[in-house]
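Okay, so here's the structure we're looking at.
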Amino acid sequence: MAKQAGSLAALIGNRVGLGVGTSPWPEDYELMGVPFAKRGKRIDECIEIVRGLTTGDYFEFHGEFYDIPKTKMTPAPTQPIPILVGGHADAALRRAARADGWMHGGGDPDELDRLIARVKRLREEAGKTSPFEIHVISLDGFTVDGVKRLEDKGVTDVIVGFRVPYTMGPDTEPLQTKIRNLEMFAENVIAKV
C-alpha cells in the first residue's frame, strides 16, 4: 500500500490522501488470524511505516508486528501524504488527532458534533496546530445550507453517495437514474458551494 500511495502521489503532484482505520468487527480479524485486541497497535505501526516508506529516503522499521529492513522506495512524493484516520471510538479519535485528518463514518448529527468537538480537543491537548482535515458523511451534504453548517463546524470535506453502501443485494438502480441524480446534485449543490 505504501508503494502504491507513494507512486500515485509522485505521479499526480501530491494530490493524494490516505484513509486508514480499523474494523469494528472481530470476525474480520478472526478470518485473517489477527488478534482483534491488538488492531490499534497494528494500525499505528502501519501508519508509521507508510510515513517512513513514502519519504524517498532509506527507512527501516522493527516493531511488534512488522519488521522492514533498510529500504528506499521511488518514485516518492515531494510532500508527506496526509493520513486520515476513520472511526468513532475514542481510540480512533486519538489516532486521528495525531494524524492529518479524521473521517466520519455517518450517523446522528448530534453525535457528529460531539465527535468533532472531541477530536479538536484531543488535538489541542496534544499541541497540534498543523492543518487538519475533517471528512464527514452527513445528510447536510445534500443541500447548500447544510454544507455551510458543516463548514461552520470545521468540516473540510463532505462525502456523499446516492446508495447506502451496506444495502444487501445487487444495485438495481438504472444508470440513467444515477446520472440524473449526479447532474441534479452538481447543479443544485456543487455549483453553489
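The values are calculated or read from the model by the stated rules, or taken from the named source; none is laboratory data. No experiment lies behind these values; they were computed from the predicted model shown. Glycine gets a Cβ as well: all are built from the backbone with ideal geometry, and neighbour counts include every protein chain shown.
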- In the stretch 176-193, what residues are under 14 Å from residue 147 (Cβ atoms) and of a type outside the set (Gly, Ala, Ser)? 185, 188, 189, 190, 192, 193
- Flag if residue 83 is surrounded by 15 or more Cβ atoms within 10 Å (Cβ to Cβ) and either farther than 30 Å from residue 163 by Cα or acidic (Asp, Glu) (or both): no
- Checking residue 105 against (1) touching a residue at least 24 places away in the same chain (Cβ under 8 Å); (2) of a type outside the set (D, E, K, R); (3) in a strand (DSSP E or B); (4) more than 15 Å from residue 18 (Cβ to Cβ), the condition it does not meet: (3)
- Task: Select from the stretch 127-162 the residues that are aliphatic (A, V, I, L, M), modelled with pLDDT under 95 and out of contact with any helix residue (DSSP H, G or I) (no Cβ under 6 Å at 6 or more places or on another chain) and write down the one among them that is surrounded by the most Cβ atoms within 10 Å (Cβ to Cβ).
- Result: 137
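Considering only residues that are in contact with a Gly (Cβ under 7 Å, 6 or more places away or on another chain) and either at pLDDT below 95 or closer than 20 Å to residue 133 by Cα (or both), which ones fall in the stretch 21-48?
21, 22
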- Query: Is it the case that residue 34 is surrounded by fewer than 17 Cβ atoms within 10 Å (Cβ to Cβ), touching a helix residue (DSSP H, G or I) at 6+ places or on another chain (Cβ under 8 Å), in a loop (DSSP other than H, G, I, E, B) and among the aliphatic types (A, V, I, L, M)?
  - Reply: yes
- Exception for residue 158 within (1) in contact with a Leu (Cβ under 7 Å, 6 or more places away or on another chain); (2) not assigned by TED's automatic domain parsing to the domain that holds residue 23 falls at (2)
- Task: Looking only at the stretch 137-149, decide whether some residue is under 18 Å from the mean Cα position of the chain (by Cα), outside any loop (DSSP other than H, G, I, E, B) and in the same structural domain as residue 52 (by TED's automatic domain parsing).
- Result: yes
- Query: Among the candidates 92, 97, which residue alone is part of a helix (DSSP H, G or I), closer than 30 Å to residue 57 by Cα, touching a strand residue (DSSP E or B) at 6+ places or on another chain (Cβ under 7 Å) and not basic (Lys, Arg)?
  - Reply: 92
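Every residue, every condition in (1) more than 29 Å from residue 147 (Cα to Cα); (2) in contact with a Pro (Cβ under 8 Å, 6 or more places away or on another chain); (3) surrounded by fewer than 15 Cβ atoms within 10 Å (Cβ to Cβ); (4) in the same structural domain as residue 130 (by TED's automatic domain parsing), yes or no:
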residue: 23; (1), (2), (3), (4): no, no, yes, yes
residue: 60; (1), (2), (3), (4): yes, yes, yes, yes
residue: 64; (1), (2), (3), (4): yes, no, yes, yes
residue: 90; (1), (2), (3), (4): no, no, yes, yes
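Quick grid of which residues meet (1) at pLDDT 95 or above; (2) in a strand (DSSP E or B); (3) not assigned by TED's automatic domain parsing to the domain that holds residue 91; (4) not charged (D, E, K, R):
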| site | (1), (2), (3), (4) |
| --- | --- |
| 9 | yes, no, no, yes |
| 19 | yes, yes, no, yes |
| 50 | yes, no, no, yes |
| 70 | yes, yes, no, no |
| 75 | yes, no, no, yes |
| 78 | yes, no, no, yes |
- Query: Is it true that residue 115 is within 29 Å of residue 51 (Cα to Cα) and part of a helix (DSSP H, G or I)?
  - Reply: yes
